[in-house]
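Input: a single structure, listed below in structure tokens.
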Amino acid sequence: MASQIFQPCNAENSENSSTADSQDFPLLPCQKKLQLRAEDEISVDSIFSTLLSKIKPSSEEFRNLKWDLNAKDFHNEKQSMLFEEKLYISQLQDGDCKLNEEVKIFMERELEEVGELRIKVEESYDGYVIYAKSRMVKDKGKYEAGHWTRGKYGDKFQLICEKRSEYDFVDNARIERSLDARIIDDKLIAKRENKINREVQHFKAVMNVKGRDDLILLDGGVMLLMRHLIINNFRGDFQYFTMNLFGKILRCQLTIHQDRKSIRIFHRTFKNIIHVVNTQYFNDYPQEVTETFFTANGKTILHFWHGYRYVLHETKGFVKKCERIVPKLELMWRSQNQLLDQYRLKTRLTYENALAYFQEHPELVDFLMDYLLNVIQYKPENVLEFTVRFFQKFRKPPPIM
């Protein structure tokens, strides 16, 4: 039976098959040569599904099973802390950002996208490693600003080391600030560098942290801590200490509210969003500095600073789709299943022949790699035109008569 099922259909078998179906539904010219018999339409999936259905446990058997597992055993906390996010930076067109309403809506006319921020957390043998990098343009693209952060924290979010550097333009002057903070032998060592154009200033501070249980975090560690609290369903106030780019130690407090909010950014609506407020104490005077909105699994939806006109958001605004021109032959083949099967078969054969040719001529790999690198570097809108111009450079010149 199996040999009959998987035998290919030939033209003679097609002509000898029943003509009742062909009279009801007129066949295309290509279908007259490729008409399938009923047994040929049985797929491998259907055969295996039939076989497995005889041994598949019933729903009643599943209910009677004792798994001997708790819900917490399915949750790997450290794996939940490893993530990678891409956030867009936008500038508010009018006024600073405030979210006092229960429902906040950001429209296209309110925000102008000016850059992006990337955050990545990886696992190390004794904790976490954090990478963050941002880039944005200012004054209608006249200036560029941004920052990068690299940090390492222990399993209990203890600071091991973190380096942060940022650059900006103020009054036609390029300002660069960097901070290198690390704990060595129960001492917090911080090195700062301020650079305005060509003028450079260096500072160093040492603080004894032996026997202190206070949590000291920098920018990358704060993002890691907030995600940890969200995933573990923490609600209320959480105290920690941080150091700004001027080397000053500040007492801070994260407040995770119990009530949920709804936020609409461009075309997407996010419901049941967790609201987190970061408060810093300047001379024991509390001041709210940032607000962040998370989903229940710790994904950042919105972040902004008080007194600034920049916001970070997860959703991008309207993107005009680039129209793809489908060749007429491919479009015609896609309209018929029989032709589509033949098209896919020829595509696979072409791919296999190309691989065989590459194995015979390994020098072509470097040649095509150079072509792909040029396409990625220049990102032409018309790839076909770019390809023609690229390969024309290798054309042999005509012989001189």
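The values are calculated or read from the model by the stated rules, or taken from the named source; none is laboratory data. Computed from a prediction, not measured in an experiment: that's the story for all the values here. As a convention, Cβ positions derive from the backbone with ideal geometry for all residues, glycine included, and neighbour counts pool all protein chains shown. To get the accessible areas, we keep the full protein, side chains included, count just its heavy atoms, and leave off ligands, DNA and RNA. Shrake-Rupley method; radii C 1.70, N 1.55, O 1.52, S 1.80 Å.
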Count - residues of region 386-399 that are open to solvent by 100 Å² or more (accessible area, probe 1.4 Å) and either of a type in the set (A, V, I, L, M, F, W, C) or outside any loop (DSSP other than H, G, I, E, B) (or both): 2
Region 203-239: number of residues that are assigned to a strand (DSSP E or B), more than 30 Å from the chain's Cα centre (by Cα) and under 18 Å from E162 (Cβ atoms): 5
Among (1) under 24 Å from I263 (Cβ atoms); (2) assigned to a strand (DSSP E or B) - the single one Y153 does not satisfy: (1)
Selection count where residues are within 22 Å of the chain's Cα centre (by Cα), surrounded by 16 or more Cβ atoms within 10 Å (Cβ to Cβ) and among the hydroxyl-bearing types (S, T, Y), scope region 110-167: 3
Test for I231: is it in contact with an Asp or Glu (Cβ under 9 Å, 6 or more places away or on another chain) and loosely packed, with under 14 Cβ neighbours inside 10 Å: no
Set V209, V222: member being open to solvent by 10 Å² or more (accessible area, probe 1.4 Å), of a type in the set (A, V, I, L, M) and modelled with pLDDT of 90 or more: V222
Among (1) within 30 Å of G298 (Cβ to Cβ); (2) not in a loop (DSSP other than H, G, I, E, B), the one test that K195 misses: (1)
Cβ-Cβ under 6 Å pairs, at least 6 apart or on other chains, region 161-187 side in contact (Cβ under 8 Å) with a residue 60 or more places away in the chain and hydrophobic (A, V, I, L, M, F, W, C), far side part of a strand (DSSP E or B) and buried (at least 16 other Cβ atoms within 10 Å of the Cβ): L179/R164; L179/R192; A181/E162; A181/A190; A181/M243
Complete set of residues in region 156-182 that are in contact with a helix residue (DSSP H, G or I) (Cβ under 7 Å, 6 or more places away or on another chain) and not in a strand (DSSP E or B): F157
Some residue of region 114-133 being modelled with pLDDT under 85 and either β-branched (V, I, T) or assigned to a loop (DSSP other than H, G, I, E, B) (or both): yes
Candidates V277, V289 - the one that is among the β-branched types (V, I, T), open to solvent by 20 Å² or more (accessible area, probe 1.4 Å) and either at pLDDT 90 or above or at negative phi (or both): V289
Within region 295-313, considering residues that are closer than 19 Å to K271 by Cβ, in a loop (DSSP other than H, G, I, E, B) and not aliphatic (A, V, I, L, M), the one nearest to the chain's Cα centre (by Cα): K299
